[in-house]
Amino acid sequence: MELPRVFKFVGIPILIGGAIVFFYCAILLINRGRGTPAPFDPPSEFVVLGPYRYVRNPMMIGGLGADLAVSLILSSLSGILFTLLLSLLVHLFIIRVEEPGLQQRFGQPYFEYKKKVPRWIPKIK
């Protein structure tokens with residue numbers, strides 16, 4: 001089943017925005033966090049700059065947004081369903097693996113950050 005043509009045009013700005021957020025976050029983790037986004041070389045410094053001030057997982061939001069955008073551009077309903085499944089798996093990974101690891105590595109500052117900054121959806125003031 002092919003999606004309406006308008007979704008192709010909606011996907012383009014989502015792809016650009018998602019890619020910008022993803023790469024900006026990666027650069028922040030490398031330059032300020034003194035590590036990489038990769039699990040084998042994680043940041044050694046706690047980063048709360050840029051998009052990380054508003055949500056705890058902006059890099060994942062950017063990546064999943066870009067993934068969704070590609071599915072929209074290609075008019076792929078199966079791609080959209082895959083992105084939804086991937087989003088669920090990423091969410092479970094973050095809750096069960098990433099957040100406990102960050103809590104262990106950064107302690108109280110991360111605990112306070114979790115209380116103030118939402119995981120996925122920014123607070124509108």
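All of the numbers you see were taken from the coordinates with simple rules; none came from a lab. For clarity, every value in this text was computed on a predicted model and none was experimentally measured. Cβ atoms come from the backbone with ideal geometry, glycine included; neighbour counts cover every protein chain shown.
Extension gain for Phe82 to Tyr54 (0.36 nm times residue separation, less C-alpha to C-alpha distance): 7.4 nm. Straight-line reach from Lys123: which lysines fall under 28 Å, measuring Cα to Cα and dropping same-chain residues less than 8 apart? Straight-line reach from Lys123, under 28 Å: Lys114, Lys115.
What number comes out for the charge environment of Arg34, summing +1 per Lys or Arg and -1 per Asp or Glu over other residues with Cβ under 14 Å away?
0
Taken about its Cα centre, the chain carries a charge dipole of about 500 debye when Lys and Arg each add +1 at the Cβ and Asp and Glu each add -1 at the Cβ. With both labels modelled 7 Å from their Cα along Cα-to-Cβ, the Glu98 to Glu45 distance reads 2.1 nm. From Cα pairs below 8 angstrom and at least 6 apart in sequence, can you work out the relative contact order of the chain, rounded to a whole percent? Relative contact order here is 32 percent.
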